[in-house]
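> Sharing a structure, written as structure tokens. Questions coming.
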Amino acid sequence: MSLKNLQTEIDASWLYKKLADNEEDATVANVFRQMSEIENSHVQAFAAKEKISAAQLPPPSWRARTINRIGRIFGYEYVLGVLMDTEKSISNAIIVAKKENKQEINGSETYHVKILRSLLEKEGRVTGAQFTRFEKKHRSVGGNAIRAGVLGGNDGLVSNFSLVMGIAGATTGQDTVLMAGLAGLLAGALSMALGEWISVKSSQELYENQMQLEMEELETNPEGERREIALIYMAKGIPEEQAHEMATEILKNKDHAHELLVREELGINAEELKGSAVEAALYSFGLFAVGAIIPVIPFFFLTGMNAIWLSVTFSAIGLFLIGAAITLFTGKNLWFSGFRQVLFGLAAAAITFGIGKLIGVSLAG
């Protein structure tokens, strides 16, 4: 195990403990606590092998602490989503390494998400509602909105930075660049908002009819739907007898049963469809605008190359911060991801600035 992987295990153990501490359901909290212990056992085994004392082990990284802070603000479903991605990455890395070394893949590489399900299954007090709630939590991946926010800000910054540099290359007029930048901000933000509104609204309308049909089936043929729910649980590896008990219990609450069937049969997360299309549009508009205003700011009070260089500086800082934020989802090196984002953003702006220069010279001639 490399030091990087050791840090990943330390972070995972710490974050699972945070999930347990903030989970109201005692059964689900116990699952997270056991996962924390499993990850910590990996850390201790590596430390013993490498003769590293407990005092020499590194603390949770800045990434783990930042993820926990975000979880406190936006909900710990986000933290669980990040951990699921981490477990998948670790499992994939183990499988790749074994293939490269021509070692047998024996099944021990299975994702820890399966361990989560297994631990939950073995809990004596587990219920169908708890299992469904856990499934909902790990599927929802609360970081989707945050991920969309980072990407939305990146779209606004890169597109408007390129536009501003293109116009600045073609003309020396401060007012022209400023108006073009503000126009690009509004046009891009409105386009993003409209696209988000259409996306959310069309998804809601597309699935509402199918969800209604599923509810009618539940009301007209409850026994058939109970057997179907049991089969869903059995397909997840739950023993047949327990699967039928869980299906019988969850059917006592028609709304929970409907949510499970809709999610498993239709692939729809009913909670996500409750979102407001207008709210999503406004959110998208705001995120794009925040990124897009950064390269425009210097042109409010400066002209010429002073404004251009300050715009480049502001934009480079913004690009680095976005690249750093992306590491919260990828787990990659902060400096590498940040400077890679800066490089790509500056390259795009340099190309449009060069094209703008050529067009400006052509028009002047």
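> Ignoring ligands, DNA and RNA, what percent of the 1.4 Å accessible area of region 315-359 is carbon and sulfur?
Details: 1950 of 2400 Å².
Heavy-atom surface of region 315-359 belonging to carbon and sulfur, 1.4 Å probe: 82 percent.
> Something else: By accessible area of protein heavy atoms, probe 1.4 Å, what ranking do ARG63, ARG227 get, highest first? Mind dumping the intermediate values first?
On the way: ARG63 45, ARG227 145 Å².
Putting ARG63, ARG227 in descending order of accessible area: ARG227, ARG63.
> Right, next: Apply the a/c threshold of 1.5 to the C-alpha gyration tensor of region 5-87 and tell me whether it is rounded, prolate or oblate.
Prolate.
> State to the nearest 20 debye the size of the charge dipole of region 1-65 about its Cα centre, where the only charges are +1 on K and R beta carbons and -1 on D and E beta carbons.
Charge dipole, region 1-65, about its Cα centre: 360 debye, nearest 20.
> Right, here's the next one. Per residue, how many Å² of accessible area does region 149-271 show with a 1.4 Å probe?
On the way: 6240 Å² over 123 residues.
Spelled out: the 1.4 Å probe surface of region 149-271, per residue, equals 51 Å².
> Ranked highest first by average number of other Cβ atoms within 10 Å, how do 56-62, 229-235 line up? Don't jump to the answer; show the numbers that get you there.
Working: 56-62: 13.1, 229-235: 19.3.
Listed from highest to lowest mean packing, they are 229-235, 56-62.
> Please work out the FRET efficiency for the pair ALA55 and ILE297, using the Cβ-Cβ distance as r and a Förster radius of 35 Å; give the result to the nearest 0.05.
Using R0 = 35 Å, I get an efficiency of 0.15.
> Putting +1 on Lys and Arg Cβ atoms and -1 on Asp and Glu Cβ atoms, find which of THR27, SER53, ILE73 reaches farthest to the positive end of the dipole of region 21-76.
Sorting the options by dipole projection puts first SER53.
> Can you tell me the accessible area per residue over region 25-85, all protein chains present, probe 1.4 angstrom, in square angstrom?
Details: 3050 Å² over 61 residues.
Accessible area per residue: 50 Å².
> State to the nearest 20 debye the size of the charge dipole of region 215-355 about its Cα centre, where the only charges are +1 on K and R beta carbons and -1 on D and E beta carbons.
On the way: 9 positive and 17 negative charges, 279 e Å.
That gives region 215-355 a dipole magnitude of about 1340 debye.
> To the nearest 0.05, what FRET efficiency results for PHE329 and ASN5 with a Förster distance of 25 Å applied to their C-beta separation?
Values: r = 18 Å, r/R0 = 0.72.
With a Förster radius of 25 Å, E is 0.85.
The values are calculated or read from the model by the stated rules, or taken from the named source; none is laboratory data. Fair warning: this is a prediction, and the values are worked out from it, not measured in the lab. Neighbour counts are summed over all protein chains in view; Cβ atoms, including those assigned to glycine, are modelled from backbone coordinates with ideal geometry. For the accessible areas, the whole protein counts, side chains as well, though only heavy atoms, and no ligand, DNA or RNA atoms are used. Shrake-Rupley method; radii C 1.70, N 1.55, O 1.52, S 1.80 Å.
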